[in-house]
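Undergrad: Here you go, one structure.
The values are calculated or read from the model by the stated rules, or taken from the named source; none is laboratory data. Because the structure is predicted, anything quoted here is derived from the model rather than measured. Neighbour counts are summed over all protein chains in view; Cβ atoms, including those assigned to glycine, are modelled from backbone coordinates with ideal geometry.
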Amino acid sequence: MPGPARAGLFIYAKDLARLAGFYEVVLGMSRRHGSEELVVLESKDIQLVVHAMPPDIASKVTVTSPPQRRENTALKFFYTVASIAAARSSAAALGGEVCEEQWQGPGFRVCNACDPEGNIFQVRESAL
């Protein structure tokens, strides 16, 4: 993705390195930039900025293992992966989860997923 991204998403992280690594592996994204404050990941479709929570907020956030899902949120993103099965395996190894329940859409399959800090998202796989 040359130049500034046209679409993107911010995710705030208590553990920046862990969460950025999770999305990099599970979603197969490339790391474009990293600092103590943020990590920029991207694919041909979107840029994902994983940003460290301010310390005063991070001190109030508890991360559990397995993660407690943060389901009462107004936004949930989806990302198309080559294989839901591979994403499920990678997510489990990195402290997250891709749920077993699966839905069929027009030309795709989709599962809910959860990152190591409890953020909910979906992975999609082409059914074509």
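Undergrad: For region 46-56, what are the residues that are modelled with pLDDT of 95 or more and hydrophobic (A, V, I, L, M, F, W, C)?
TA: Once the filter is applied, which keeps residues that are modelled with pLDDT of 95 or more and hydrophobic (A, V, I, L, M, F, W, C), region 46-56 yields 48, 49, 50, 52, 53.
Undergrad: Just to be sure, is residue 34 closer than 22 Å to residue 12 by Cβ, buried (at least 16 other Cβ atoms within 10 Å of the Cβ) and among the small types (Gly, Ala, Ser)?
TA: Taking the combined requirement at face value, the residue does not satisfy it.
Undergrad: While we're on this one: Please count how many residues of region 28-48 are of a type in the set (S, T, N, Q) and part of a loop (DSSP other than H, G, I, E, B).
TA: 2
Residues checked against (1) within 21 Å of residue 123 (Cα to Cα); (2) at pLDDT below 95; (3) touching a Lys or Arg at 6+ places or on another chain (Cβ under 6 Å); (4) crowded, with 17+ Cβ neighbours inside 10 Å:
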{"site": "4", "(1), (2), (3), (4)": "no, yes, no, no"}
{"site": "29", "(1), (2), (3), (4)": "yes, no, no, yes"}
{"site": "40", "(1), (2), (3), (4)": "yes, no, yes, yes"}
{"site": "61", "(1), (2), (3), (4)": "no, yes, yes, no"}
{"site": "81", "(1), (2), (3), (4)": "yes, no, no, yes"}
{"site": "96", "(1), (2), (3), (4)": "yes, no, no, yes"}
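Undergrad: If residue 25 satisfies all but one of (1) out of contact with any strand residue (DSSP E or B) (no Cβ under 9 Å at 6 or more places or on another chain); (2) at pLDDT 90 or above; (3) outside any helix (DSSP H, G or I); (4) not acidic (Asp, Glu), what's the number of the condition it fails?
TA: Just one mismatch for residue 25, condition (3).
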